[in-house]
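Asks: Sharing a structure with you now.
The values are calculated or read from the model by the stated rules, or taken from the named source; none is laboratory data. Everything numeric here is computed off the predicted structure, so don't read it as measured data. No Cβ is skipped: glycine too gets one built from the backbone with ideal geometry, and neighbour counts run over all protein chains shown.
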Amino acid sequence: MKAQVLRMILASVMVVAPLATAISLVANAAQGDTSSIRLTLSIGEYEITKDEDGFDVIRMEGFSLALVPGYPRLPHKVYNIVVPPDVIWSSLQLRIISAQTRTLDGTYDIEPASPPLPGTGDWRNDRNVSVYEADARFPENSVEILPYSQMRKWKFTRVDFFPFQYNPVSKRLTLTERVEIEISYSQSRAPLDESLMADAVMDDIATQIFLNYSEARRWYEQEVPTEPQQTYDYVIITTNAIETNSTKLASFVTHKEGLGHSVLVITEDEFGVLTGQPPNHKAEKIREWLKNNYSAHSIEYVLLIGDPHPYESGEGDIPMKMCHPEMNQTEYECEPTPTDYFYADLTGNWDKDGDQYYGEWLHDYPVTGGVDFTPEVYVGRIPVYNADYTALDSILQKIIDYETEPNANWRKSIL
C-alpha cells in the first residue's frame, strides 16, 4: 500500500498532458549528427472570471496556475519528453516552428503569485516590478525548455507551455491556441552503462509521466548482457550502535521480507570509508554509497534510521543535508533548509558550482549537470534522538502491527 501511495504521489507531481490537450508526435528524424522530436501542443477549454479582489483569474482544463512569486498567475503545463540515453545535454535546443495566436478583446488585471514569506527587495505589493512595469508580453515565449532531468536510466527534458502571455502595462492577453515545436539534440554514441540500462525499477513510472514514451521506449530496450547480482529493493541505512542495541530492528527486517521485499542493512562500516563530495561528511558519504549501488542492487526504497541533525558541527549520525535553495536571490532569501531529498536525487550534482552551498536554486539547478530534483529512490526516515533505542523499538513495532493488522477496515473510517 505504501509503495502504491508513493508512486501515485510521484506520478501526480510529474503528470503529463491529459486528453484535453491535443498532441501529435513525429518519428525521430535524423539530420546528419542531429536528431529531433516534433510535438504539437494545443490548449484546453478555459474561462476567465473575477475573484473577490477584482483580479482576473484564468482557468484552463488540464493546466495549473504558475506560482512563481511576483510573476503573473497564468495557466501552464510542463511536459516530460524522453530523449535517448546517450544524449549530449549541451546540444539540446527547442525551436518554435509555428504558432496560432490571437489577442483577446478587452483588458485584464492578472494577479501576481504571492511570495512564500514576506521579504524585501524589488517588490511592490507582491509584484515583481521588472515584469509588471515592462511594456512587454510575459512570458517572452509561450513555450520554453526547462533544465533537463534523469530518473534512473530515463533521461528527459521538460517543456513548459504558457498558452497565455500577459502585458501588464497594456493589460492585454495574447492566447496561443496551438503551437508546433521541435526539440533537437545530438548523441554521443558512446557505450552505455550496462548495469544502468538493465535497471527496470521505475519503468512503470516512465509509462505514466513521459509524453512520448511509446515512441521513445525502444531507445531503452536494448539487449545488455549483465552479470547476475544480488538485488535489494529495500535498504536500511543506520548505525552500528542502533543495529546492536535495537531489539526490534531484526524483527522489522524479517517483517519486510515477509511482505516480499529483499532487505539490506548497511551502517558506517559500509558508507563511512567512502569519499563523497566536499566537505565529505556523513551526508556525502551516505549519498556516495547510494550512487554506487542503487542501480546495481535495484534499490527502490531507502529507510534512514538515526539522528537527523543536519549541521556539520555536531551533526547527527544519519544526518539530513543542509541546503540553501534561496541563497543570493534578489527578491527574497530563506533560511537554509535541511532535507532528506539529497538521498533521493542521485544523478544530479547538488553543488554544481562547488561552493559547498548545496541546492542553490540559481547556481545548482538551472545549469547543465546540476541537481534535477527527480528521484532515483524513495526515501523515508525514522529519527532517533539521544540514542533512545526504546522509542525506536516502539516505532518499529507499531509499523509491524499496523502492516499485519488482519482487519484493516478501520483504516477507511473517518471521524
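Asks: For the range 29-131, which strands (runs of 3 or more DSSP E) that fit wholly inside it have 3 or more residues that are exposed (fewer than 15 other Cβ atoms within 10 Å of the Cβ) and either more than 23 Å from the chain's Cα centre (by Cα) or modelled with pLDDT under 95 (or both)?
Replies: Output list reads 46-50, 87-103.
Asks: Every residue in the range 233-247 that is buried (at least 19 other Cβ atoms within 10 Å of the Cβ) and part of a loop (DSSP other than H, G, I, E, B), please. If you could, list the steps in order and put the result at the bottom.
Replies: The initial filter retains those residues of the range 233-247 that are buried (at least 19 other Cβ atoms within 10 Å of the Cβ), namely 234-239, 242, 246.
Matches in the range 233-247: THR238, THR239, SER246.
Asks: Where the second residue is of a type in the set (Phe, Trp, Tyr) and at pLDDT below 95 and the first is farther than 15 Å from GLY316 by Cβ and lies in the range 266-290, which pairs have Cβ atoms under 8 Å and are six or more apart or on separate chains?
Replies: What qualifies is GLN277/TRP350.
Asks: Under 9 Å between Cβ atoms, which residue pairs at least 6 apart in sequence (or on different chains) link something in the range 229-247 that is free of Cβ contacts under 8 Å to residues at least 40 places away in the same chain with a partner that is in a loop (DSSP other than H, G, I, E, B) and surrounded by fewer than 21 Cβ atoms within 10 Å (Cβ to Cβ)?
Replies: Correct list of pairs: ASN240/THR267; GLU243/THR267.
Asks: Now for a separate question. When only residues in the range 187-224 that are of a type in the set (Val, Ile, Thr) and part of a loop (DSSP other than H, G, I, E, B) count, which is surrounded by the fewest Cβ atoms within 10 Å (Cβ to Cβ)? Don't jump to the end; show me each part of the working.
Replies: Within the range 187-224, the subset of a type in the set (Val, Ile, Thr) is 201, 205, 207, 209, 224.
Still in the list and also part of a loop (DSSP other than H, G, I, E, B): 201, 224.
On the way: VAL201: 19, VAL224: 13.
Out of the qualifying residues, it is VAL224.
Asks: Restricting attention to the range 267-318, which residues are part of a helix (DSSP H, G or I), of a type outside the set (Lys, Arg) and more than 21 Å from ASP193 (Cβ to Cβ)?
Replies: Across the range 267-318, the qualifying residues are GLU268, ASP269, GLU270, PHE271, ALA283, GLU284, ILE286.
Asks: Please specify each residue of the range 334-350 satisfying the condition of being within 17 Å of the chain's Cα centre (by Cα) and part of a loop (DSSP other than H, G, I, E, B).
Replies: Correct list: ASP340, ALA344, ASP345, LEU346, THR347, GLY348, TRP350.
Asks: Of the residues in the range 395-415, how many are free of Cβ contacts under 8 Å to residues at least 24 places away in the same chain and either part of a helix (DSSP H, G or I) or not acidic (Asp, Glu) (or both)?
Replies: 14
Asks: Let me ask another. Can you find, within the range 251-266, the residue that is surrounded by the fewest Cβ atoms within 10 Å (Cβ to Cβ) among those that are of a type outside the set (A, V, I, L, M, F, W, C) and in a loop (DSSP other than H, G, I, E, B)? Spell out the reasoning first.
Replies: Of the range 251-266, the ones of a type outside the set (A, V, I, L, M, F, W, C) are 251, 254-258, 260-262.
Next, from what is left, pick out any that are in a loop (DSSP other than H, G, I, E, B): 260-262.
On the way: GLY260: 9, HIS261: 17, SER262: 15.
Restricting to residues being of a type outside the set (A, V, I, L, M, F, W, C) and in a loop (DSSP other than H, G, I, E, B), the top hit is GLY260.
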